[in-house]
1. I'd like the residue in segment 41-55 that is assigned to a loop (DSSP other than H, G, I, E, B), out of contact with any helix residue (DSSP H, G or I) (no Cβ under 9 Å at 6 or more places or on another chain) and not aliphatic (A, V, I, L, M) and, out of all such residues, is modelled with the highest pLDDT.
2. Can Leu23 be described as surrounded by 11 or more Cβ atoms within 10 Å (Cβ to Cβ) and at pLDDT 70 or above?
3. Of a type outside the set (S, T, N, Q) and modelled with pLDDT of 85 or more, is that true of His38?
Amino acid sequence: MLAAMIVIRRMVDRHRAYTAIFLPGEEPRIIPTTDYEHGRILQVYKQDRPHADVLNDFTDFGLIPPKDRG
């Protein structure tokens, strides 16, 4: 059985910024958020940096966190 995968994305239009949360089999949840709130959501769901035993954009796309870019 596959584990549920969460996808969290930042969405910005001309007037507001939003955090979009996608779960399989669920309607997308799109919430107006500030940059701080969006960053905190990423931390809570362990999507903010590489974590041991967690698959996220850093592991999927080989991203390097900003503080580690030398």
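The values are calculated or read from the model by the stated rules, or taken from the named source; none is laboratory data. Owing to the predicted nature of the structure, the values given are computational and were not obtained by experimental measurement. FYI the Cβ positions are ideal-geometry reconstructions off the backbone, even for glycines, and counts take in every protein chain you see.
1. Looking at residues that are assigned to a loop (DSSP other than H, G, I, E, B), out of contact with any helix residue (DSSP H, G or I) (no Cβ under 9 Å at 6 or more places or on another chain) and not aliphatic (A, V, I, L, M), I get Asp53.
2. Yes.
3. Yes; evaluated as a whole, the condition is true for this residue.
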